[in-house]
Structures are given as C-alpha cells and as structure tokens.
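Written out below as structure tokens is the structure these notes cover.
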Amino acid sequence: MSEATKKTAEAAGKDLPAPARKGGPLQFFQEVRRETSKVTWPSWKETYLTTIMVFIMVGITMMFFFAVDWILAMGERWLIGAAG
C-alpha cells in the first residue's frame with residue numbers, strides 16, 4: 001500500500017463530523033443573540049460612504065458596458081453593410 005493511501009485511510013476515521021447538539025428554540029435564540037452581540041457593526045458614516053462608493057462603481061460599470069455595447073453594435077452594422 002502506498003504512503004498516500006495509508007495516510008488517507010488513517011485520516012478517514014479522524015474527520016468524522018461532531019454529533020449534532022439537541023436544543024430547543026429558546027436555546028437557539030439565546031445563541032443567536034450571543035453571536036450578534038459579538039459582531040462589530042459599521043458606523044452610519046461607514047455605511048453611507050460605502051453606499052456612495054457602490055453607486056459610483058455601478059455608474060462607472062454602466063458607462064463601460066454602454067460603450068462596449070455601442071462599439072460592438074457599430075462593428076456589427078459595419079460588417080453587414082447597414083451603416084450609412
């Protein structure tokens with residue numbers, strides 16, 4: 001048996017998933033609340049600036065694809081002889 005196969009066979013027993021924990025809805029919501037308290041939420045200024053940057057990038061992308069579409073349309077018209 002090759003070394004890679006031996007290592008794979010040995011590791012197969014170690015990678016078993018942990019058994020599922022049983023808990024009720026109350027425990028679930030307590031854990032959700034605990035985890036959300038650990039989240040570092042962005043400030044309103046960060047949210048506002050990020051939103052503005054998204055709109056700017058959407059505008060730049062829109063102009064880029066408009067230009068590419070226009071150039072391709074002009075090339076197609078030139079190829080079929082419809083330009084004139």
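The values are calculated or read from the model by the stated rules, or taken from the named source; none is laboratory data. Predicted model, so just to flag it, every value in this text is computed and none were measured. Please note: Cβ atoms are built from the backbone with ideal geometry, for glycine as well, and neighbour counts cover all protein chains shown.
Numbers below:
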read-out: Number of the condition not met by ALA67 [criteria: (1) at pLDDT 90 or above; (2) loosely packed, with under 10 Cβ neighbours inside 10 Å]; value: (2)
read-out: The range 1-51 - residue that is assigned to a loop (DSSP other than H, G, I, E, B) and surrounded by 10 or more Cβ atoms within 10 Å (Cβ to Cβ) and, of those, modelled with the highest pLDDT; value: PRO42
read-out: Selection from the range 70-84 of residues that are surrounded by fewer than 10 Cβ atoms within 10 Å (Cβ to Cβ) and either assigned to a helix (DSSP H, G or I) or hydroxyl-bearing (Ser, Thr, Tyr) (or both); value: LEU79, ILE80
